[in-house]
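Written out below as structure tokens is the structure these notes cover.
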Amino acid sequence: MLSSVIDCVSVPALYIVPTPIGNLQDITYRALSVLRQVDCVAAEDTRRTHILLNFFSIRVSLCVLNQHNEFKKIPILISKLQAGLSVALVSDAGTPLINDPGYLLVKSCQKARIRIIPLPGPCAAITALCGSGLPTHRFCFEGFLPHKRNLRIGRLQVLLEESRTLIFYDVKHRIIETLQDIASVFGLERYVVLARELTKVWESIDGAPIGQLLSWVQEDNSRIQGEIVLVVAGHSLKRKKLSPKVFSVMKLLASELSVKRAATLVGYIYGVRKNVLYKKYLREKSNKIKDQSHLIDDMV
Ligand code: SAM
């Protein structure tokens, strides 16, 4: 039920205020009202927040709260809040705490029994998910994958059988490597959506099996410019029926390579579990041997 519009900053508290991720019109009335009324705005980068506040002609005292000074700044903000002042927390864009500073401040306020009032608003992860066309009833947000390749691969291996839709943040200079690693762990058939420059002029949302998506982005560098969210289909719980075509490739490769190696390669190319290929191949082979031994018995 909608409650009536009440005076926004009626109680002293820490207000968590989401800001636009590109389009300034996405700021809410309530966010503007809170920013106008609080005693102080704690911003990740005061220059960025200044631009936003200027655009809406808001004059308010600003202080910096970022990952480098959080420990030093928190006691100062807590004492302001304990003195009955109101503070708004904003990040450079989107919802504070979502891959942005603020978690430690919220924990400290909770400990000090200071009221925390979170406002709903823009968030790139949710915006991308809603436009992706992938299931939204269950999803998991993974933020940024680790920068180091071995750690990134390790994290993806942990997520391999995750059935919920997965959301990752990324940056343009790492996106190709990320897509290659997702392909190598999840297989070339996993469906991935690349949501770029959301809410901005060059917004684009494109999805395809990751093998195709990789070739498509490599054809034209402009397809990975700007800010990016990846939305990845969850692992399918339903065992896919092994197609005869895939199994015939498996048989062909197994006649040239070891069965294990053939299963690994075919699994990677077609996004099928290598164990399924391996076991089916061995099962078929042993059935064939049994059939042939009947023939020999009959002949004897
Ligand atoms: N707190 C923000 C939020 O609520 O979405 C996220 C901050 S995180 C430091 C920055 C990452 O968010 C970017 O690298 C990108 O993955 C994603 N992002 C932010 N704005 C975006 C946009 N307009 N389009 C696509 N992705 C965006």
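The values are calculated or read from the model by the stated rules, or taken from the named source; none is laboratory data. Just so it is clear, the model here is predicted, and its values are computed rather than measured. Quick reminder, even Gly has a Cβ in these numbers, built from the backbone with ideal geometry, and neighbours come from all protein chains shown. Ligands, DNA and RNA are stripped out before the accessible areas are found, and what is left, the full protein with its side chains, is counted by its heavy atoms. Shrake-Rupley method; radii C 1.70, N 1.55, O 1.52, S 1.80 Å.
Tabulated results
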| quantity | calculated |
| --- | --- |
| One residue from Glu197, Glu142 being open to solvent by 40 Å² or more (accessible area, probe 1.4 Å) and among the acidic types (Asp, Glu) | Glu142 |
| Matching residues in region 260-277 - criterion: being crowded, with 19+ Cβ neighbours inside 10 Å and farther than 16 Å from Arg190 by Cα | Ala262, Ala263, Leu277 |
| Thr46, sole failed condition from (1) of a type in the set (Val, Ile, Thr); (2) touching a Cys at 6+ places or on another chain (Cβ under 9 Å); (3) surrounded by 21 or more Cβ atoms within 10 Å (Cβ to Cβ) | (3) |
| Breaking point among (1) more than 7 Å from the ligand (Cβ to nearest atom); (2) open to solvent by less than 20 Å² (accessible area, probe 1.4 Å), for Ala128 | (1) |
| Matching residues in region 191-223 - criterion: being assigned to a helix (DSSP H, G or I) and farther than 15 Å from Thr165 by Cβ | Gly211, Gln212, Leu213, Leu214, Ser215, Trp216, Val217, Gln218, Glu219, Asn221, Ser222, Arg223 |
| Unmet requirement for Glu189, which otherwise passes all of (1) open to solvent by 80 Å² or more (accessible area, probe 1.4 Å); (2) touching a His at 6+ places or on another chain (Cβ under 7 Å) | (2) |
| Every residue from region 65-99 that is within 12 Å of the ligand (Cβ to nearest atom) and either crowded, with 20+ Cβ neighbours inside 10 Å or among the hydrophobic types (A, V, I, L, M, F, W, C) (or both) | Leu89, Val90, Ser91, Ala93, Gly94, Thr95, Pro96, Leu97, Ile98 |
| Sole residue being part of a strand (DSSP E or B) and either away from the ligand (no atom under 16 Å from the Cβ) or aliphatic (A, V, I, L, M) (or both), chosen from Leu253, Leu257, Leu188, Leu230 | Leu230 |
| Residue satisfying all of: in region 255-289; β-branched (Val, Ile, Thr) and at pLDDT 85 or above; nearest to Glu161 (Cα to Cα) among these | Val276 |
| Out of Ile167, Ile205, Ile228, sole residue that is in contact with a helix residue (DSSP H, G or I) (Cβ under 9 Å, 6 or more places away or on another chain), surrounded by fewer than 20 Cβ atoms within 10 Å (Cβ to Cβ) and on the phi < 0 side of the Ramachandran plot | Ile205 |
